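Values in this text are rule-based calculations from the coordinates and carry no lab data. The structure presented is a predicted model; accordingly, all values stated were derived computationally and were not measured. Please note: Cβ atoms are built from the backbone with ideal geometry, for glycine as well, and neighbour counts cover all protein chains shown.
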Amino acid sequence: MSFLVAAALGVGLFVAIPIAAHLLRRGRARERDFPPTALVPAARSVARERATLEDRLLLAIRALLIACLAVIGATPFVQCSRLSLTRSAGASVAFALVLDDSHSMRALAADGPRFERAMRAARELLASAREGDAIAIVLAGKPARLALAATTDLNAARRALRDLSESDRSTDLEAAVGLARTSIASVPHHDKRVVLLSDLAGPALSEAEGQPPLWAPVPELATPLENCAIFAAERRGRRIVAHIACTSPAAAAGRAVSLVGDKSGKPVPLMTRGGVQELGLDFDPKLTRAELELNGGDAQKGDDRCPLAAQSAALGVMVAADVSNASAETGGPPVLEQALGALESSAALHPIALLPDDVNEYRSNALLLLDDPGGITPEARSALGSFVEQGGVAVAFLGPRVEQTPLGATLEPFVHGAVHWESKGNGDVNAASLAWLGPEASSLQDLNLHGRAGLSTTDLLGGRILATFSDGQAFLAKRELGRGALFTVALPSSVEHGNFPLRPAFLALLDYFLNEARTRHGAAQSVAGSEWTFPLGASVSINGPRGPLAVREAPRASGSAHKAATPTFTGRYTLRIDDKPEERVVTVDPSEITTLPQKPPESATRARASANAGSVDASPELGFVALALLSLELGLRVFRRLTRERGVTSAALRS
Amino acid sequence: MSALRKALDWGKLAPLRLRAKTVADGVYAGGHRSRRRGAGIEFGGQRSYVPGDDLRFIDRHALLRHGTLLVRQFETETDRTLCLLVDASLSMSYRGEGAPGAKYAYAALIAAALCKIALGAGDRVSLDWLGGERTVELATAGGREAFERVVGALETAQPSADLKSDLPALERAVARVERRAGRGSTVVVLSDLLDLPAGAEVAIGALGTRGKTLSVARVLDPSEVDFPFTGPLHLRALEGDSRVETDAAAARPQYLAALEAQASHWSERLLSRGGSLVLLNSAEDPVKAVRKVLDSVGGLS
């Protein structure tokens, strides 16, 4: 603080003058000499009370007036802390607001929810924008989304900001920052910046030093808060397994989990440690739509309850592979199972020896992987068909056994008719036809194969060829059936028949199948922000904890379209897919709880300091306030004079 | 100009000497007939004889004709002594808004004018005080020098002293006037009658006995007459320690009623002793005020 600031603010000390004058005058209503005082009766003065009130009002006005003048005098040295944009030489700026709408932003800090504080900061920044400034808004909840492309239309920006709301999504800050930088990359403004309004509860930003620079104007968002949450609850037999995440041991201390409505059950205390923990509770079969609850309080009350999922949260994958043929020579489980284990840790693998004859046996599974099937019996075929029609995904890796189908068994519904095993086929997969899989597709060149299944277009039952060998023969075919899909691969997953399972593309294919299964079947439990997809022709209605959820038509990467819905809040959702009811539970990503807020990147802090704390000169407003106070005092004085004159006139009339 | 004149708020009433002469000139004054009946030249009527009457004035003709003892009465032009008793207590120094000067200044002007008129008519004048500082009591005297002495004494005096609880001081002043004023004298008391001790009306009323004519001129400031204040008030008496916090609008009717009641009380007490009360407002024309005083003592009749 310079001498000028101190001197200007010192003027504020003159506030003491009217206060002292008021104190001196208080209670002494114009004492005057009057000889016949003995003849004057004492009277409680209404006028005095009124005058006292008026005096106090005048005192307040004068004190405020002096304070305003002091602050105005100190301007521009003293500025209020409202956020605003600083400009180099008054030029227009382009800024992308990265607003974190993840679950952790719903935590209740001392001055309200973090998200509200971030929104307030965004509104203040937007209020300081001028004509010509370009604004983009990016949401950092997973997946990162562009809420408003860079525009100079400030009204559109205000509307977009007004429409934003909090959610229980995960954090995708890295992608959001990238998206923000991209969104303002093309605008012609010289001064660009990315404004980070996040608690930074996620992985550290790897490109914090990139351009345009980051600016974190509200570092208090990253203040750590204590929180525990039940992020998943599933039934396993007669037990309930609750998955709980806590920010720290202190957050977990003294808290317990109980089943809502189960008065006989005893709450199960949490272990006093941070991170993720699992607790088991007894299941009360009388309770329908059961919910688990954490007692006590923390920064987020909303995640202390979690509905019980009807099925396991893990994606069920059935693997039918012959251990003797499909395993590596070094032993162990079949290659398929090993690959899945390496790929999807959360998948629940169910190895089976025979295909189920009953569709109910497929329950809680979303994916069926068949290695070198030797034929499918009619019962198994029927059950498989039903499973796929209800949203299941089945994949058949065809091998030499396609020629050994017993009587009455076929390879339907994958392919129709007899399939021949070609001992010597072309060893290369056309990488271009498999380009949609990603860069791993190129790893399928120069394969060392002992044979392949000969798939011709007439065998595919209307299926579509997704990839071919270099000679044009089908390598991967897909057939839609109801809500599900059937995939046929012309190679087996056994290393005995070639090195296809050893190539990265094999894992990429498996990942693709898992995603398809997850998308089509729909996990009984999913994380908020995950997209649910449905066949284009299906009739879908969804009711969530906050009312109906919109179902939209969305294009796929392959060019086709499907219906999709994205639940953004945790809770129980009731779906009706082609009049068949279904229940899903949306939970919060545990990393939203366990990942503590990080300090803003150093460059963002530096940017903040150099931007003069984003403060704004409030002297015009203060000037108006001072003027208003002056007018008020004048008005009050005129009023007092008028009332006094009226009093004199009436006294004279009475006399 | 003396230091005392600086202390007293004479206002528009200074200089006293000139103002008093102007006021006296404005008042018709001439030889006044004495109401005293007794030995003289011009027959003034008869009355029944009472024991003690001078036997020289028994009307023999009436006794012979009617057989009744009557006494002849005569009117005679005679000198009357004017005894002025001026209140110089602290309350007389008050001057409110709209008044030409302090109450004492107004009373001094009236006293000086009366003095001028009396001396002009050949009467003699004395001056006494109620309270005050640097007061000079003047014995009965006549002639031009007497006027100068009276005016000088009026100018020198400074309103002071708290008579509120000093009845002996008041009685002493009254006793001095009593001694100076013989039968047929006119006593004029100039006072605001405020903050006087209890029993003051009895002591002052006694001046109207023994053949003397008493007129008490109550001099009030316009603000004391009208109570023109508004809003909250915090009043303090000049004598005594009376303080009142009040609301002007609420207190005004009661104050005016109390003032009138006090005046009525004084008037009744004075009338019972042959005296009279004259109400003077220091804002009114001094000539009219002097006439009112003269009317009360029968000077113009």
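Remark: the A:ALA16-A:TRP436 segment gains 143.4 nm on full extension, using 0.36 nm per residue and subtracting the alpha carbon distance. With a simple spin-label model that places each label point 7 Å from the Cα along the Cα-to-Cβ direction, the separation between B:GLU268 and A:VAL495 comes to 13.7 nm. Can you compute the FRET efficiency between B:ALA121 and A:PHE639 using 1/(1 + (r/R0)^6), with r the Cβ-Cβ distance and R0 = 45 Å? Round to the nearest 0.05. With a Förster radius of 45 Å, E is 0.15.
Which shape class applies to the range A:228-312: rounded if a/c is under 1.5, otherwise prolate when a/b exceeds b/c and oblate if not, where a ≥ b ≥ c are the square roots of the Cα gyration tensor eigenvalues? Because a/c hits 1.5 or more and a/b exceeds b/c, the range A:228-312 counts as prolate.
Return the ratio Rg/(2.2 N^0.38 Å) for chain B, where Rg is computed over Cα atoms only. Walk me through the numbers on the way to the answer.
Numbers: Rg = 21.4 Å, N = 301, 2.2 N^0.38 = 19.2 Å.
Cα Rg divided by the expected 2.2 N^0.38 Å: 1.11.
Taking the Cβ of A:LEU460 as the center, what net charge do the other residues with Cβ under 13 Å away carry, scoring Lys and Arg +1 and Asp and Glu -1? Overall, the nearby charge balance is 0. Translational diffusion of the range A:525-587, estimated by Stokes-Einstein from the Kirkwood radius over alpha carbon pairs at 4 °C in a medium of 1.567 mPa s, is 109 µm² per second.
If R0 is taken as 25 Å, the Cβ-Cβ distance between A:ASN295 and A:ASP111 corresponds to a FRET efficiency of 0.45. When its C-alpha radius of gyration is set against 2.2 N^0.38 Å (N residues), the range A:316-513 gives a value of 0.94. For A:LEU411, the residues whose amide H sits under 5 Å from its own are A:ILE376, A:GLY417, ignoring neighbours fewer than 5 places away on the same chain, with H placed 1.01 Å from N. Taking every DSSP helix (H) stretch of at least 4 residues in the protein assembly as shown, weighting each as -39,500 (n - 2.57) and dividing the sum by the residue count yields a mean residue ellipticity at 222 nm of -9500 deg cm²/dmol. With neighbour counts taken as other beta-carbon atoms within 10 Å, the residues A:LYS142, A:LYS301, A:LYS424, B:LYS21 rank, fewest first, as A:LYS424, A:LYS301, B:LYS21, A:LYS142. Using 0.36 nm per residue and subtracting the Cα-Cα separation, the extra length available between A:ARG464 and A:ARG305 on full extension is 52.7 nm. As a calculated quantity, the FRET efficiency between B:ASP241 and B:THR68 at R0 = 60 Å, using C-beta atoms, amounts to about 0.40.
Based only on the alpha carbon positions, what is the Kirkwood hydrodynamic radius of the protein assembly as shown, in angstrom? It would help to have the intermediate numbers written out before the result.
Values: mean 1/r = 0.0252 Å⁻¹.
When all Cα pairs of the protein assembly as shown are included, the Kirkwood radius is 39.7 Å.
Quick check: Cα centre of the range A:162-228 to Cα centre of the range B:68-120, how many Å? Cα centroid to Cα centroid, the span is 101 Å. Per-residue mean of foreign Cβ neighbours for B:219-232 is 5 (Cβ atoms of other chains, 10 Å radius).
Taking every DSSP beta bridge that has both residues in the protein assembly as shown, what percent is antiparallel when rounded to the nearest 5?
Details: 87 of 152 bridges.
Around 55 percent antiparallel, to the nearest 5.
May I ask you to order A:226-239, B:260-273 by the average number of other C-beta atoms within 10 Å around their residues, highest value first? Present the calculation step by step, with values, prior to reporting the outcome.
Details: A:226-239: 19.6, B:260-273: 15.0.
Averaged packing, sorted descending, gives the order A:226-239, B:260-273.
All other residues whose Cβ lies under 14 angstrom from that of A:ASN227 are scored, Lys and Arg at +1 and Asp and Glu at -1, for a net of -3. Full extension of the chain segment joining A:GLU403 with A:ALA256 gains 47.0 nm, where the gain is 0.36 nm per residue of separation less the Cα-Cα distance.
Using a ≥ b ≥ c from the Cα gyration tensor of the range B:177-253 (square roots of the eigenvalues), is it rounded, prolate or oblate, where a/c under 1.5 gives rounded and otherwise the larger of a/b and b/c decides, a/b for prolate? Intermediate values should be presented prior to the final figure.
Values: a/c = 4.05, a/b = 2.67, b/c = 1.52.
Prolate shape, in that a/c is at least 1.5 and a/b is the bigger ratio.
Couplings 3J(HN,Hα) of the range A:623-636, computed from phi: x, 5, 4, 4, 5, 5, 5, 4, 4, 5, 5, 4, x, 5 Hz, in residue order, whole Hz [Karplus 6.51 cos²θ - 1.76 cosθ + 1.60, θ = phi - 60°; x for Gly and Pro].
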